[in-house]
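Beneath this line is the structure, given in structure tokens, with notes to follow.
The values are calculated or read from the model by the stated rules, or taken from the named source; none is laboratory data. Model, not experiment: these values are computed from the prediction. Positions of Cβ are generated from backbone atoms using ideal geometry, with glycine treated the same way; all protein chains shown enter the neighbour counts. Only protein heavy atoms, including side chains, enter the accessible area calculation; ligands, DNA and RNA are left aside. Shrake-Rupley method; radii C 1.70, N 1.55, O 1.52, S 1.80 Å.
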Amino acid sequence: MGKSRRTIPEELLLLALDPATGTTAQPQSLDLGLAGAQLVELALAGRIAPDGDRIAVVMPRPTGDPTLDSALELLRRRGSPVRAVHWIGGPRLGLRQTYLSHLERCGMVHAVSTQMCGVLPTTRYQATETAISREIRARLDSAIRTGVPPDPRTAALAALAHAVGLGKHLYPGNEGRSSRSRLRDLIRHDPMGGLVAHAVMDVQNGAGAQPHRGQPERSAQGAPGGRPGGVPMQPHHVSGMARVAAH
């Protein structure tokens with residue numbers, strides 16, 4: 001995979017960065033979205049494919065992107081398809097910081113050291129390649145405004161942006177209500193993006209707990225839209241991500 005094209009996790013993170021404050025919107029749900037965006041990127045690269053509500057590795061060959069390849073190797077080690085909601089709900093220590101550091105090395109953001117409340121050291125990230133951020137935003141705006149089905153990458157990005165709650169960040173206030181609604185509707189244009197986006201929302205709603213060791217996963221059959229059925233699972237708490245200025 002060549003690095004001339006930005007990955008969906010990178011684009012999602014750039015969308016979430018507030019140019020005025022250097023913080024990221026929706027930090028906790030964004031962590032889930034980045035894990036989901038990796039799945040979409042691997043699917044677009046032909047490495048994984050949806051299998052019902054699960055993710056199956058179909059080509060274990062590395063992509064050349066170290067962060068994506070780490071995720072691909074973890075999926076391969078599972079040995080069998082894994083439910084998207086369980087994958088996204090698992091711990092992803094430092095994933096957001098990994099992508100922020102990568103964007104900094106690429107010159108797309110600039111790290112600024114500061115203090116929170118005048119005491120606690122923290123780091124904010126200012127976008128330096130604002131033309132790139134504008135281009136990403138323009139693709140979403142065009143899909144929303146024209147109603148023309150977007151390309152798979154833009155459709156998946158829109159689905160993830162909605163899933164992590166970036167709609168109010170991108171299209172705030174009453175005047176942005178119709179745009180937020182259309183952003184949500186774009187979820188139907190990419191099957192993999194839709195699967196992952198729904199999994200992200202399910203985790204936020206408490207459906208991302210891993211099954212107990214030795215206990216088989218419940219069948220996902222019998223629930224509408226491929227959602228898991230049966231006894232509700234306990235909430236999974238997102239924790240351990242490297243703290244940046246988003247908090």
Practice task
Scan the range 149-164 for residues that are under 18 Å from residue 14 (Cα atoms) and open to solvent by less than 30 Å² (accessible area, probe 1.4 Å) and jot them down.
Solution key: 154, 155, 156, 157, 158, 159, 160, 161, 163, 164
Problem - Selection status of residue 137, within 25 Å of residue 170 (Cβ to Cβ) and of a type in the set (Lys, Arg) - result: yes
Exercise for the section: Provide a single number: the residues in the range 7-44 that are out of contact with any Leu (no Cβ under 8 Å at 6 or more places or on another chain) and in contact (Cβ under 8 Å) with a residue 40 or more places away in the chain. Expected result: 12
Handout entry: residue 47 being free of Cβ contacts under 8 Å to residues at least 60 places away in the same chain and open to solvent by 50 Å² or more (accessible area, probe 1.4 Å)
Key = no
Exercise for the section: Go through the range 133-153 residue by residue and tally those that are modelled with pLDDT of 90 or more and either small (Gly, Ala, Ser) or touching a Pro at 6+ places or on another chain (Cβ under 6 Å) (or both). Expected result: 3
Practice task
Determine, yes or no, whether residue 108 is open to solvent by 40 Å² or more (accessible area, probe 1.4 Å) and either farther than 19 Å from residue 153 by Cβ or not charged (D, E, K, R) (or both).
Solution key: no
Problem - Residue that is most open to solvent (accessible area, probe 1.4 Å) [pool: residues in the range 58-85 that are within 19 Å of the chain's Cα centre (by Cα) and within 13 Å of residue 43 (Cα to Cα)] - result: 69
Exercise for the section: Among the strands (runs of 3 or more DSSP E) lying completely within the range 1-116, list those that include at least 1 residues that are closer than 21 Å to residue 197 by Cα and basic (Lys, Arg). Expected result: 54-57
Completion exercise
Of (1) within 18 Å of residue 21 (Cβ to Cβ); (2) out of contact with any His (no Cβ under 6 Å at 6 or more places or on another chain), residue 138 satisfies every one except (1)
Exercise for the section: Under 6 Å between Cβ atoms, at least 6 apart or on separate chains: pull out the pairs that start in the range 118-140 with a residue that is open to solvent by 60 Å² or more (accessible area, probe 1.4 Å) and end on any residue that is not polar (S, T, N, Q) and not in a strand (DSSP E or B). Expected result: 124/22; 124/245; 129/108
